[in-house]
Every structure is written in structure tokens, then in C-alpha cells.
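The values are calculated or read from the model by the stated rules, or taken from the named source; none is laboratory data. This structure is a prediction, so every number in the text was calculated from the model and none was measured. Because the Cβ atoms are built from the backbone with ideal geometry, glycine has one as well, and the counts that use them run over all protein chains shown. The accessibility values were calculated without ligands, DNA or RNA, using every heavy atom of the protein model including side chains. Shrake-Rupley method; radii C 1.70, N 1.55, O 1.52, S 1.80 Å.
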Amino acid sequence: MGSSVRPFVHFNAKHDAEILHKSMKGIGTDEDAILMVLSARSNDQRQQIKAAYKKAYGKDLVSALKSELGGLFENLIVALMTPPVLYDATLLHKAVKGAGTDDQVLIEILASRTGDQIKDISKVYKKEFGGKLEKDISSDTGGSYGRLLVILLQGSREEGVEEDKIENDAKDLYAAGEGKFGTDEEKFITILGNRSSEHLQKVFDAYKKISGSDIEDSIKGETTGNLEDLLLAVVKCARNVPGFFAESLYNSMRRAGTDDDTLMRIMVSRSEVDMLDIRANFKKMYGQSLYTTIQEDTAGDYQKALLYLCGGKD
């Protein structure tokens, strides 16, 4: 896995805290200094800077940054300062609390995170927001869509490939969808929600032999709305997680107006996971570089920080 942000080699939390303090002192703010320090440190190092800052100056670094910055750049810096699991938990909390549900966020996070990550997110969610993530999600969603989200929330995908189940799973999916009038969504949910990625890839190959079409096309033909979006996300993540994110990034930029929430969320949450793989997939899928696309779609310090997270020109 290629991450674009790695721990800074000659790291000194106290020194970084001092640079940040100076950048915010007096009239005007030195955004460049803030950008240079925070984009080029790992999240773990940013937490150490936060602690060093509090120790030296007696105040919270995130609050200080918020009072100096504004707009998208501020949102991005605050996101970078949040520990990854807390960042995911906070995004999910925002997605279910208040009027309406941000299904795109629920789908993206629950389809793409590992089982262990999901278990950690649930723990942090409870600690931070006092409620149960599963309860909040199931009271906000319904039907097969809600049930599949709950299955994913268990974070207990099977491991490995079960050779003797491949053919059967593929037949079950075919019979549940294209093979008959109406869709037996339960089968889709159980198989796509519980089997390992390696196993599912083989099931998808077997499915194509039986039905003559890709499972994605069948899902599009048989389901609609949030359930369709979630099933497609699960299938894409089983095939190729960086490819899933490359497509989401492309969609966040290539239309009227930029979907900055999505752009920022992916750049922040994948920078220490698989950003270089996402970049490679982006280029392969769209014939253009992620770096250039971000350059054309964003501006200012916000743009500079995103380009850092992208890991340089590709």
C-alpha cells in the first residue's frame, strides 16, 4: 500500500509547536508555515505537536488554528489534526445526526474500512458521542439498505476463500437477481456483507460466467437508491479499494462545482493508507493525473494542502 504522507524523519514536536505558535502571533497568519508543518507530518506526529503546543503555550492547538484560519483551508487543517478513528466516528455522527441522513458518508466509510477499523470506530463513537453507532444508523435507515449497513458494522467479514462455496454463492446471487422476477435482496446482503474480498472476487468471476454480465450491471438493473449505491460500493471495494476511491474523487471534481466534503474526506483519510495507489488507479481509469485535476478544481492554501496530501506530481 502506498501512503503519500509518511512520518517526518527529523521530527521534533516542540520545534514544530514553536513554528506554529510564531505563525499565528501578531497581525496576520503565516498560512504557508502552518501548511508546511501539518501536511508533512503523520497524524501521530500531529498529535504529539498538539500535546507539545499545549504544554508550551497552555492552549489547545486546534482552537488556536480555528481562530486564525477560515473556510475550506480551516476545515482541512482541523480534519488533519483529528486522529483517524475519531475522524471517521465524527463523520458518521454528523451523517446520522440532525435532519436527513448523509448516505454517501455512511456508504463510503462502512464499505471501505477493514473489520478492525470498524470495530475501533464503534468504540470511539460510543466514548465520544455517548450513543451506539449501530442503533443510530439503524434508526436512521431502513429496509435491506439498513440491514446491510448493520452487517458491515459488525466488522466480522470471513477470511480466505472457500472454494466449495464459490459456485453456490454465484448461483444464489444470480437466482436472487436476474434469474427471477423481483430481487431476493437478503441473499445479496448476506453474501456481499460477509464473505472475504478474495472470495467475492472469485464469486464475481463465476457470476459473470453464469449470467454473461458483471455483477455491477445486475445490481444497477435490479436495485435502486441507497441500496444500489451501497451494494455497488461493497462490490467495488471487494474488487479494488483504491479504484473505488479514485472513482469517488473523480466524481467529486468533474462536474459543476466541486464536492469539497468528499474531496477533503478522501484526501485526509487515505493519505496515510493508499493515496499513491489511488493516484495510480485514477491515472489508469481517467487518463489524467489526480494532482493536475486537484490543481484545476481548487484554489489557494486549500489547494496547496491537498496537493501535499496527493504526494507530489504524478
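Key figures for this structure:
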read-out	value
Members of region 91-121 found to be among the β-branched types (Val, Ile, Thr) and either in contact with a Cys (Cβ under 7 Å, 6 or more places away or on another chain) or open to solvent by 70 Å² or more (accessible area, probe 1.4 Å) (or both), listed by number	Thr114
Answer residue from region 1-39, given it is β-branched (Val, Ile, Thr) and more than 29 Å from the chain's Cα centre (by Cα) and is nearest to Gly70 (Cα to Cα) among those	Thr29
Residue pairs meeting the criteria (Cβ under 6 Å; at least 6 apart or on separate chains; first in the same structural domain as Leu192 (by the TED database) and closer than 17 Å to Ile166 by Cα, in region 209-220; second among the aromatic types (Phe, Trp, Tyr) and open to solvent by less than 60 Å² (accessible area, probe 1.4 Å))	Ile215/Phe204; Ile215/Tyr207
Index of the failed condition, Gln45 passing every other in (1) within 30 Å of Asn240 (Cα to Cα); (2) among the polar types (S, T, N, Q); (3) not in a helix (DSSP H, G or I)	(3)
Unmet criterion (only one of (1) assigned to a helix (DSSP H, G or I); (2) closer than 17 Å to Ala305 by Cα; (3) of a type in the set (Phe, Trp, Tyr)) for Phe8	(1)
Lone qualifier among Asp301, Asp277 - being under 24 Å from Thr82 (Cα atoms), under 19 Å from the mean Cα position of the chain (by Cα) and of a type in the set (D, E, K, R)	Asp277
Hey, Gly146 within 19 Å of Leu230 (Cβ to Cβ), in contact with a Lys or Arg (Cβ under 6 Å, 6 or more places away or on another chain) and outside the structural domain of Val203 (by the TED database) or not	no
Tabulated pairs, region 122-136, first open to solvent by less than 70 Å² (accessible area, probe 1.4 Å), second of a type in the set (A, V, I, L, M) and not in a helix (DSSP H, G or I), C-beta under 8 angstrom, 6+ apart or interchain	none
Single residue of region 253-265 satisfying the filter (surrounded by fewer than 21 Cβ atoms within 10 Å (Cβ to Cβ) and not acidic (Asp, Glu)) that is farthest from the chain's Cα centre (by Cα)	Ala256
Any pair with Cβ under 6 angstrom, 6 or more apart, that starts in region 141-163 at a residue that is closer than 18 Å to Leu92 by Cβ and ends at one that is open to solvent by 40 Å² or more (accessible area, probe 1.4 Å) and of a type in the set (S, T, N, Q)	Tyr145/Asn226; Gly146/Ser138; Val150/Ser138
Subset of region 77-120 [under 24 Å from Leu232 (Cβ atoms) and of a type in the set (A, V, I, L, M, F, W, C)]	Leu91, Leu92, Ala95, Val96, Val105, Leu106, Ile107, Ile109, Leu110, Ala111, Ile118
Residues located in region 68-90, provided they are open to solvent by less than 40 Å² (accessible area, probe 1.4 Å), of a type outside the set (Phe, Trp, Tyr) and within 16 Å of Ala40 (Cα to Cα)	Leu76, Ile77, Val78, Ala79, Leu80, Met81, Thr82
